[in-house]
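Written below as structure tokens is the structure these notes are about.
The values are calculated or read from the model by the stated rules, or taken from the named source; none is laboratory data. Just so it is clear, the structure is predicted and the values come from calculations on it, not from any experiment. Cβ coordinates were reconstructed from backbone atoms using ideal geometry, including for glycine residues, and neighbour counts include every protein chain displayed.
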Amino acid sequence: MHSLRRLRVRGTTLQGSRTMSSTVSSQLPLKPPSIVEEEKEFRERVADMEGFFKQSRFASLSRPYTAADIVAKQGSMPVLPLPSTLMADKLYKLFTEAANEKRPVHTIGVVDPVQMTQLAPYSEVVYISGWVASSTLTTGFNDVGPDLG
């Protein structure tokens, strides 16, 4: 399991799914961190990323890059968990539990959010296909839209 992190942003506490060693202040510092402070924060972020990579969810993946490669390309602000990340974690947990219990996950595909809200009480997973939704219910030009779940 991943541990929770808390970020303090403008007096509000946000909780996420990955550990962060530092907190975010509502004010930016006036002076940049020293080299020692920056290296320490980099090592902490690499350790956090390595822990994230070690989750059972990624056990079958092989990466041609390291956690340090990822952290080196991130900005200096902490990554907040996106709603899509939270939902992906929830879906993975649902599939893992179902596999352990050797039971199916009842799923249904729909064409729009209205149909999704109507059918959600009767299914564990509801999926909206962006291509189906955009090609059947919008401009008629078969513009591909985003996939929502």
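Numbers for the structure displayed
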| item | result |
| --- | --- |
| Boolean, D48 is closer than 24 Å to V105 by Cα and outside any loop (DSSP other than H, G, I, E, B) | no |
| Residue selected from the range 69-90 under the condition surrounded by 14 or more Cβ atoms within 10 Å (Cβ to Cβ) and either modelled with pLDDT of 90 or more or touching a strand residue (DSSP E or B) at 6+ places or on another chain (Cβ under 9 Å) (or both), by the criterion nearest to V126 (Cα to Cα) | T85 |
| Qualifying residue in the range 101-120 (condition: at pLDDT 90 or above and in the same structural domain as E38 (by TED's automatic domain parsing)) | no |
| Condition check for Y92: hydroxyl-bearing (S, T, Y), touching a helix residue (DSSP H, G or I) at 6+ places or on another chain (Cβ under 7 Å) and within 24 Å of R57 (Cβ to Cβ) | yes |
| Tally of residues being more than 16 Å from D89 (Cα to Cα) and part of a helix (DSSP H, G or I) across the range 51-74 | 7 |
